[in-house]
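None of the figures in this text is laboratory data; all of them are computed from the coordinates on show. In this text, all values refer to a predicted model and were calculated from it rather than measured experimentally. When we count neighbours, we look across all protein chains shown, and the Cβ atoms used for this are built from the backbone with ideal geometry, even at glycine.
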Amino acid sequence: ASTLGAAAAEKGRYFGAAVAANHLGESTYVSTLNREFTSVTAENEMKWDALEPNRNSFQFATADRIASHARGQGMKLRGHTLVWHSQLPGWVQNLQTNDLRSAMNNHINQVMAHYRGQIDSWDVVNEAFEDGSSGARRNSVFQQRLGNGWIEEAFRTARQADPNAKLCYNDYNTDNWSHAKTQAVYAMVRDFTSRGVPIDCVGFQAHFNSGNPVPSNYHTTLQNFADLGVDVQITELDIAGSGQQQAEQYRGITQACLAVSRCNGITVWGIPDHYSWRSGDTPLLFDRNYNKKAAYTAVLEAL
Ligand code: XIL
């Protein structure tokens, strides 16, 4: 096949991109998106601050433009993200325990109801663990006020709100099997599956750079999670660098996903380099003129 989406489809996978609504009027951006990708994630538009900037006042219009573009093109849509400590409006951060609990559950219920039937997989909880060697939960407002049970509660609420969406836990720096953070997330997923807490997938953000290189045990990590009985997805892939060195890392990631039958697909975190959130880097598959980079060719060859 001659596009990322078609090549991935031949392997039973999707190939997605993060999309920003403010670029949907740009012809080359849209033609590249439509030609190459079979799944879309809203880069910012489905985050809490965007959808519910004031309590119980929901603003779906911008996110809906992305959803409707995806639907019109027959693309899958990943929901990103329901509960996250970042891009969280100030009003949430100031709530006390009971209020925070009801605000969290209301946010999940309202947003999932709005998009019911349209979302393939939801990132129910994003980035709930600390970096480093502690393996601890991140000290977020949710952790502080609601205690350890908050992640489980979010997933239980999400299952009821849209029983047909896959429910994912999503995080970064969980790629290297020997890292404490990877082990901590693994222990949580194992606990959830053993107790019947609803979880269907684990998202690996996969933001790589020289300080966080693609680990040689990446395939092991994906396979070990999949062996718990959940799907795995590469959800926000970008790799700092350029040229053949970057290309080979992209190739390795693609091969690792294809080697794990429960790896559903890969999403890159943007389309051309100059729209990447990592300004100054060139971490994506297309250059600023939408030319295919060596990294693109490596991914297409690996698919
Ligand atoms: C980033 C966006 O790409 C930026 O535009 C925004 O300013 C900050 O968030 N982990 C995530 C994504 O889960 O939502 C983040 O996206 C990148 C890190």
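Structure above, values below:
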read-out: Amide H contacts of Val40 (H built 1.01 Å from N, under 5 Å, at least 5 apart or other chain); value: Ala17, Lys76, Leu77, Arg78
read-out: Sequence ranges 11-22, 89-100, ranked by mean other-Cβ count within 10 angstrom, highest first; value: 11-22, 89-100
read-out: Calculated FRET value between Glu26 and Trp277, using beta carbons and R₀ = 22 Å, to 0.05; value: 0.80
read-out: Simple spin-label estimate for Asp191 and Asn291 in nanometres, 7 Å along Cα-Cβ; value: 5.1
read-out: Amide H within-cut-off set for His207, under 5 Å, with H built and near neighbours excluded; value: Asn173, Asp238
read-out: Hz values of 3J(HN,Hα) by residue in region 265-278 - Karplus curve (6.51, -1.76, 1.60), Gly and Pro given as x; value: x, 10, 10, 8, 8, x, 10, x, 3, 6, 9, 5, 5, 8
read-out: Net lengthening on full extension, Ser86/Gln118 (0.36 nm per residue, minus Cα-Cα); value: 9.1 nm
read-out: Antiparallel bridges, percent of DSSP beta bridges restricted to region 13-142 (to nearest 5); value: 15
read-out: The chain: relative contact order in percent, alpha carbon pairs under 8 Å with at least 6 residues between; value: 17
read-out: Long-range HN-HN contacts of Val232 with modeled amide H, under 5 Å; value: Val202, Cys263, Asn264
read-out: Computed E for Gln144/Ala259 - FRET, C-beta separation, R0 41 angstrom, nearest 0.05; value: 0.55
read-out: Exposure proxy ranking, count of Cβ atoms within 10 Å, fewest first, for Ser86, Ser276; value: Ser86, Ser276
read-out: Gain upon complete extension [Glu248, Asn106; 0.36 nm per residue less C-alpha separation]; value: 46.7 nm
read-out: Alpha carbon centroid spacing (whole Å) that separates region 202-270 from region 76-92; value: 23
read-out: Helical mean residue ellipticity (222 nm; -39500 (n - 2.57) per DSSP H run of 4+; nearest 500) of the chain; value: -12000 deg cm²/dmol
read-out: Top of Thr32, Thr282, Thr221 by mean-square fluctuation, Gaussian network on the chain, Cα under 10 Å; value: Thr32
read-out: Residue-by-residue Karplus 3J(HN,Hα) for region 112-128, coefficients 6.51, -1.76, 1.60, Hz, glycine and proline x; value: 5, 5, 4, 9, 4, x, 9, 9, 6, 9, 9, 7, 5, 10, 10, 6, 8
read-out: Note, ³J(HN,Hα) from phi for region 182-194, Karplus 6.51, -1.76, 1.60, rounded to Hz, x at Gly and Pro; value: 4, 5, 5, 5, 4, 4, 5, 5, 4, 4, 4, 5, 6
read-out: Nearest-0.05 FRET efficiency for Asn98 and Gln59, computed from C-beta distance (R0 30 Å); value: 0.75
read-out: Extension reserve of the Ser68-Ser178 stretch, reckoned as 0.36 nm per residue once the Cα distance is removed; value: 35.5 nm
